[in-house]
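The values are calculated or read from the model by the stated rules, or taken from the named source; none is laboratory data. Here the structure is a predicted model, which means the values were calculated and not measured. Heads up, the Cβs are rebuilt from the backbone with ideal geometry, glycines too, and the neighbour counts pull from every protein chain shown. In case anyone asks, the SASA skips ligands and DNA or RNA and just uses the protein heavy atoms, side chains included. Shrake-Rupley method; radii C 1.70, N 1.55, O 1.52, S 1.80 Å.
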Amino acid sequence: MVVRLRDAEAVARAAAGAVVDAAFKAIHEHGGCRLVLAGGSTPRAAYNLLAGELRDEVDWRRVSFYFGDERCVPPDDERSNYRMAREALLDPLKIASSAVRRMPGEVPPENAAAEYDADIRALKAERQPAFDLVLLGMGAEGHTASLFPGSPALQERSRLAAAVTAPVEPAERVTMTPGALAMARQIVFMVVGSEKAEALAKVFSDGSDLPAAQVSRLAPSRFLVDEAAAASLPA
């Protein structure tokens, strides 16, 4: 499903609204919400809204936070997805550290992936879908999380988190695999900018093997896109 929106601000607002709706439903149904966070500039704008004007729309004490991927850098590094989420969302909302399960980018990637794999398996054993909402972005070449075109992690069938080498810096990363992302009640992709237009059109072509396309077929998915990113989609 594609939702066309005016600009990046509208995409961020729609994503924030999706978080509010998912949290309300999950808390009502089973007392808590499990939210998977994404990195990047568009998610940051959504997090700012959630920590600002929408902060009272969610009982944040009942939300647990996870990450779809992480760069293998210390948590205070400016490239860290965790640092961005902490600054934009977690600290302003005074989220308890016990409610945040970050991917430890400062430890060897295989160790970090093994730890996160075990965490996801424990969540899956407790209830399914394991996650109430997964937020994802998409790169200009169609990658999502740290699943890049041609990555062996796209074919992973046993592990739920994997150490990967990205074609961009920082190259060492940890990512949820498609099997983990498939454990979502819903996935929301945020896609902004004209540089994403070609890849977005390919995502919706028959049999697309772009990572974003593959992941979107695994769980109910919604693409929130601005006019620039939607430029190559059929009218």
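Yes or no, residue by residue, for (1) of a type in the set (Val, Ile, Thr); (2) at pLDDT 95 or above:
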residue	(1), (2)
VAL11	yes, yes
HIS28	no, yes
GLY32	no, yes
GLY39	no, no
ARG44	no, yes
LEU49	no, yes
ARG62	no, yes
Answer with yes or no whether GLU169 is touching a helix residue (DSSP H, G or I) at 6+ places or on another chain (Cβ under 8 Å) and surrounded by fewer than 19 Cβ atoms within 10 Å (Cβ to Cβ).
no
Report the residue count in the stretch 93-140 for those that are in contact (Cβ under 8 Å) with a residue 60 or more places away in the chain and over 23 Å from VAL73 (Cα atoms).
7
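Okay, residues lined up against (1) open to solvent by 10 Å² or more (accessible area, probe 1.4 Å); (2) under 18 Å from LEU37 (Cβ atoms):
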{"site": "SER151", "(1), (2)": "yes, no"}
{"site": "ARG159", "(1), (2)": "yes, no"}
{"site": "MET183", "(1), (2)": "yes, yes"}
{"site": "VAL191", "(1), (2)": "no, yes"}
{"site": "ASP206", "(1), (2)": "yes, no"}
In the stretch 98-116, anything open to solvent by less than 60 Å² (accessible area, probe 1.4 Å) and either more than 25 Å from THR177 (Cβ to Cβ) or charged (D, E, K, R) (or both) is listed as ARG102
Select from the stretch 75-97 the residues that are open to solvent by 60 Å² or more (accessible area, probe 1.4 Å) and outside any helix (DSSP H, G or I) and list them in ascending order.
ASP76, GLU78, ARG79, ASP91, LYS94
Among the residues listed as ALA219, ALA199, ALA213, the single one being of a type in the set (A, V, I, L, M), surrounded by fewer than 24 Cβ atoms within 10 Å (Cβ to Cβ) and touching an Asp or Glu at 6+ places or on another chain (Cβ under 7 Å):
ALA199
Need the failing condition index for VAL36 against (1) outside any strand (DSSP E or B); (2) within 16 Å of the chain's Cα centre (by Cα), just the number.
(1)
